[in-house]
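Notes follow the structure.
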Amino acid sequence: MAERPPQQNQPEDSAAETREETREDKRQKFQDLRNLLLAPEQKEIQSLRNRMDDRAARAEDLSAVVAESIELRREHGGGADLNKALMPSVEEALRESVRKDPSVLAAALFPVMGPAIRKSIAESIRSMLESFNQTMEHSLSAQGIRWRLESLRTGRPFSEVVLLHSLVYRVEQVFLIHKATSLLLAHCVAPHVSTKDPSLVSGMLSAIQSYVRDSFKAPKEDSLDSIQVGELEVWVVSGPQAILAAVIRGHAPASYRATLEKTIEDIHRDFGQALEEFDGDSAPFAAAEPLLENCLESHYEPKEATKRRPYVAVVAVAALVLAAVALWMSVNNNRKWNHFMVALQREPGIVVTSSGMEGGHHLVRLLHDPLAKDPAVVRHDEGLDAEFVDFKLEPYYSLDDEIVEKRAIEVLVPPGEVSCKVKDGVLTATGRAPSDWVHKLKDRAALVPGVKKVDATGLESSEASETQMLASELKSTVFTFPIGVAQVDADQEGKFASAAQVINSLIAKTSPLSQPLMVEVIGHTDTSGTEGLNMSLSQQRAEYVTRKLVDAGVARRNLNPHGVGTSEPVRNHDAAGDESVERSVTLRLVPAKPNRVE
Amino acid sequence: MLQKKICMLGATAVGKTSLVRRFVESIYSDEYHTSVGVKIDRKPVRVKEKDLVMVLWDIYGADEFQSLRMDYLNGMFGYLLVADGTRKSTINDALTIQESVAKDFAKMPFVFLLNKADLKDEWEAGADLEQNLTARGWTVMHSSAKTGEAVEEAFHTLGGKMLR
């Protein structure tokens, strides 16, 4: 466009003009030449310049390479600088985005956060189950019981004891200690581990280091690598400014020392200046705690699946046996219980009012007569344990014949020869008793609850029967005489005294208010001789005995002698006797009647 | 947390341990003295409006200074030099200790305690000695672990010197 063809010829005017012209010409010519040579490049430069000045065009150009250039930068190891440069903008952008509309980021993160949360929860549950399994496994073994005892003894929770025993090693505490001042810089502790004041522990650790070094004349730069106390070990790694001490329960692998060494190196790298300038202020070292926490390793024994099986089998068998025993006991107890209830209800003087379960065992409420059997005895007889069933007694008076009978016996206290029976409320007393007791029986029996009526017809007074006995003794007394004589032989003499005694006893038993007692002294003879003679002889004999009895102490007014001859033969009484028995005197008690009294 | 290590120095039986016991509630038994030769305690105090934790190294007394483990003094920020006012020999021991310590720890803050102030009528420490020491720039205090006299004060004075 600006191209002009070079001029070949120029008109010549004046010299000055010509010189002027010439300079002009030269410039023109140069210009023309430049144009001729550089026009395409110039055009290109101009176009580039225009492009540089145009922001839109430049942005368009950059957009084509920005991704590649970032990638290149990262590849060439400048990632850190790039991150540093981008971070504020990215952070700001995120903040701005959330401020404007949180749902955008939430929606974007949703697919990430869901699985992350699920994973975290699953991990928590898995570790919980694992610890539960471990506890279960150990709970049921002999070892588990031993550990449980240990837990009781030491006061540690069972899970803690289990962990301690299945522990290979656990780093419980890590101390970061400033070497020069032996002051504590940072400290961290595993969960559930109790600690003493860590700043004092760090001091003592340093003191022990100094002590050992000094005691064994070790070089100053040497330090104690480890201390072992029972199950605990303290591992120490030393840097130029600080030392790291880890308290380990169990036996850590040698590789753990490398972890500690790496950590102390990292701390020196990150906190070198703070360590150098330390004047007692530990605040800057709080940032080192995550590094220490990384050192809190622990390792437990892996589970041995095969080992568990025998326990499972033993437990299963034990459970079966227990179940069988429980079933058998339940059936057996049920049977016993039914028998017991029947026995209890059958027992006189006991009325079951209710039965049921209370406080884990049977409770039977019952009415109980004080004279009835103790229900505990019934329980024992039925083979039931005292824990199995308990009683609540309510006292009452039973009208059961058996109980009424016991009650009557208790109240009336019958003498030994009397038996009392109760049937349908009727008290029947039989036997011999003192007349005094007999007389009062009716009144007293009426006061016994349950006695409706008294039957005393079977009772006789013991005094009356004694009289009868004496009377029969008297009746059997026979004084025998020789033929035709009204005087007994000497061997008969003793009979008078004993007969007199019987008669006097009978008199004594006679009530003073009734008629005096009368004894007939009856004289007999055998059938030989005449009737008249015999009558006289029998009379003499009767009078003779009467005299003798009076001599022996019997009052005359109680005796009535008379002869009967042969009219009332003694033999009637003794059919086997011979005639000699008819030559005798016999005695007979007669009921005292006024007309017979002399 | 600002921590400072402080040593208790002095001859045997001048009452260093009793002073510490008066000052802090200890978690360790005194047996540590005979086994390791030092017992460490800790006491938070407030000095010059700063919270400060004093880590007290109560070092087993030594009549013969040679047996004092200098290692234990490393990293201290100050110390209490203790003597028994009723025994002149312990004052001499204290002077010897101070001389040795000053070699390794020049210008280290310290407070000199003449202990057992409750037994003043038995004192062997004269007023001239005190004047002499004060003239040298020492801070001298009379303390009694028995009555508690000047115990807190001594530690606070030392704390103040360390934070200067």
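The values are calculated or read from the model by the stated rules, or taken from the named source; none is laboratory data. Note that the structure is predicted; figures quoted are calculated from it, not measured. Because the Cβ atoms are built from the backbone with ideal geometry, glycine has one as well, and the counts that use them run over all protein chains shown.
Confirm whether B:Lys43 is more than 15 Å from the chain's Cα centre (by Cα) and at pLDDT 85 or above. Give the steps one after another, and end with the answer.
Working: more than 15 Å from the chain's Cα centre (by Cα): no; at pLDDT 85 or above: yes.
Taking the combined requirement at face value, the residue does not satisfy it.
So A:Ser505 passes all but one of these: (1) within 30 Å of A:Ser419 (Cα to Cα); (2) hydroxyl-bearing (Ser, Thr, Tyr); (3) not in a helix (DSSP H, G or I). Which condition number does it fail?
Here A:Ser505 meets the rest and fails (3).
I'd like the full set of residues that are at pLDDT 85 or above and under 60 Å from the mean Cα position of the chain (by Cα), limited to region A:68-104.
Answer for region A:68-104, where residues must be at pLDDT 85 or above and under 60 Å from the mean Cα position of the chain (by Cα): just A:Val98.
Just give me the residues in region A:464-502 being out of contact with any strand residue (DSSP E or B) (no Cβ under 7 Å at 6 or more places or on another chain), exposed (fewer than 14 other Cβ atoms within 10 Å of the Cβ) and under 30 Å from A:Thr428 (Cβ atoms), in sequence order.
Answer for region A:464-502, where residues must be out of contact with any strand residue (DSSP E or B) (no Cβ under 7 Å at 6 or more places or on another chain), exposed (fewer than 14 other Cβ atoms within 10 Å of the Cβ) and under 30 Å from A:Thr428 (Cβ atoms): A:Ala464, A:Gln468, A:Met469, A:Ser472.
Looking at region B:79-88, can you tell me whether even one residue there is within 14 Å of chain A (Cβ to nearest Cβ) and at negative phi?
Step one: filter region B:79-88 for residues within 14 Å of chain A (Cβ to nearest Cβ), giving B:79.
Within this subset, residues satisfying the condition of being at negative phi are B:79.
Yes, because at least one residue in region B:79-88 is within 14 Å of chain A (Cβ to nearest Cβ) and at negative phi.
Based on this model, can you work out whether A:Phe285 counts as surrounded by 12 or more Cβ atoms within 10 Å (Cβ to Cβ), at negative phi and out of contact with any Asp or Glu (no Cβ under 8 Å at 6 or more places or on another chain)? Before the answer, list the steps.
Details: surrounded by 12 or more Cβ atoms within 10 Å (Cβ to Cβ): yes; at negative phi: yes; out of contact with any Asp or Glu (no Cβ under 8 Å at 6 or more places or on another chain): yes.
Against the criterion (surrounded by 12 or more Cβ atoms within 10 Å (Cβ to Cβ), at negative phi and out of contact with any Asp or Glu (no Cβ under 8 Å at 6 or more places or on another chain)), A:Phe285 qualifies.
I'd like the full set of residues that are modelled with pLDDT of 90 or more and among the acidic types (Asp, Glu), limited to region A:353-373.
Of everything in region A:353-373, just one residue is modelled with pLDDT of 90 or more and among the acidic types (Asp, Glu), namely A:Asp369.
Among the residues that make up region A:164-181, is at least one of them free of Cβ contacts under 8 Å to residues at least 40 places away in the same chain and either within 14 Å of another protein chain (Cβ to nearest Cβ) or crowded, with 21+ Cβ neighbours inside 10 Å (or both)?
Applying the first criterion (free of Cβ contacts under 8 Å to residues at least 40 places away in the same chain) to region A:164-181 yields A:165.
Filter again for either within 14 Å of another protein chain (Cβ to nearest Cβ) or crowded, with 21+ Cβ neighbours inside 10 Å (or both), leaving none.
No - not one qualifying residue is present in region A:164-181.
Tell me yes or no: at least one residue of region A:353-369 is part of a helix (DSSP H, G or I) and surrounded by 11 or more Cβ atoms within 10 Å (Cβ to Cβ).
The first filter runs over region A:353-369 and keeps only residues part of a helix (DSSP H, G or I), leaving none.
No; the residues of region A:353-369 include none that is part of a helix (DSSP H, G or I) and surrounded by 11 or more Cβ atoms within 10 Å (Cβ to Cβ).
Name every residue in region A:182-191 that is over 15 Å from A:Ala242 (Cβ atoms) and either β-branched (Val, Ile, Thr) or within 14 Å of chain B (Cβ to nearest Cβ) (or both), in order of residue number. Give the steps one after another, and end with the answer.
Here is the first cut: in region A:182-191, the ones over 15 Å from A:Ala242 (Cβ atoms) are A:189-191.
Within region A:182-191, just A:Val189 meets the criteria.
Take region A:157-193 and flag every residue that is more than 37 Å from the chain's Cα centre (by Cα) and not in a strand (DSSP E or B).
A:Lys179, A:Ala180, A:Thr181, A:Ser182, A:Leu183
Would it be correct to say that A:Ala246 is at pLDDT 90 or above and within 14 Å of another protein chain (Cβ to nearest Cβ)? Outline the logic, then answer.
Values: at pLDDT 90 or above: yes; within 14 Å of another protein chain (Cβ to nearest Cβ): no.
In short, no.
May I ask you to list pairs of residues, at least six apart or on different chains, whose Cβ atoms are under 7 Å apart, with the first in region A:454-465 being part of a strand (DSSP E or B) and the second being surrounded by fewer than 17 Cβ atoms within 10 Å (Cβ to Cβ) and of a type in the set (Gly, Ala, Ser)?
Listed pairs, sorted by first residue: A:Leu459/A:Gly431; A:Ser461/A:Ser435.
Taking the options A:Ser194, A:Ser199, A:Ser226, name whichever one is surrounded by fewer than 18 Cβ atoms within 10 Å (Cβ to Cβ) and within 14 Å of chain B (Cβ to nearest Cβ).
Numbers: A:Ser199 fails: surrounded by fewer than 18 Cβ atoms within 10 Å (Cβ to Cβ); A:Ser226 fails: within 14 Å of chain B (Cβ to nearest Cβ).
Selected residue: A:Ser194, the only one of A:Ser194, A:Ser199, A:Ser226 that is surrounded by fewer than 18 Cβ atoms within 10 Å (Cβ to Cβ) and within 14 Å of chain B (Cβ to nearest Cβ).
Return a yes/no flag: does region A:375-384 have any residue that is assigned to a loop (DSSP other than H, G, I, E, B), at positive phi and modelled with pLDDT under 90. Can you show your working first?
Pass one, region A:375-384, residues assigned to a loop (DSSP other than H, G, I, E, B): A:382-384.
From what's left, at positive phi: A:383.
Still in the list and also modelled with pLDDT under 90: A:383.
Yes, that holds for at least one residue.
Check every one of the strands (runs of 3 or more DSSP E) wholly within region B:51-164 and list those with 2 or more residues that are touching a residue at least 40 places away in the same chain (Cβ under 8 Å).
On the way: elements: B:78-84, B:110-115, B:140-142.
So the answer is B:78-84, B:110-115.
Condition (residue is of a type in the set (A, V, I, L, M) and farther than 22 Å from A:Ser194 by Cα) applied to region A:245-253: is it met by at least one residue?
Residues of region A:245-253 of a type in the set (A, V, I, L, M): A:245-248, A:252.
Next cut, farther than 22 Å from A:Ser194 by Cα only: none.
For region A:245-253, residues of a type in the set (A, V, I, L, M) and farther than 22 Å from A:Ser194 by Cα: absent.
List the residue pairs whose Cβ atoms are under 6 Å apart, where the first residue sits in region A:530-542 and is closer than 13 Å to A:Pro561 by Cβ, the second is surrounded by fewer than 18 Cβ atoms within 10 Å (Cβ to Cβ), and the two are 6 or more positions apart or on different chains.
So the pair list comes out as A:Ala542/A:His562.
Give the residues of region A:180-236 that are among the charged types (D, E, K, R) and either over 30 Å from A:Leu163 (Cβ atoms) or touching a Phe, Trp or Tyr at 6+ places or on another chain (Cβ under 6 Å) (or both), sorted by residue number.
To start, the set of residues in region A:180-236 that are among the charged types (D, E, K, R) comprises A:196-197, A:213-214, A:217, A:220-222, A:225, A:231, A:233.
A:Arg213, A:Asp214, A:Lys217, A:Lys220, A:Glu221, A:Asp222 - these are the residues of region A:180-236 that are among the charged types (D, E, K, R) and either over 30 Å from A:Leu163 (Cβ atoms) or touching a Phe, Trp or Tyr at 6+ places or on another chain (Cβ under 6 Å) (or both).
Quick check on my filter: what residues within region B:79-104 are surrounded by fewer than 18 Cβ atoms within 10 Å (Cβ to Cβ) and more than 16 Å from B:Thr12 (Cα to Cα)?
B:Glu99, B:Ser100, B:Ala102, B:Lys103, B:Asp104, listed by residue number.
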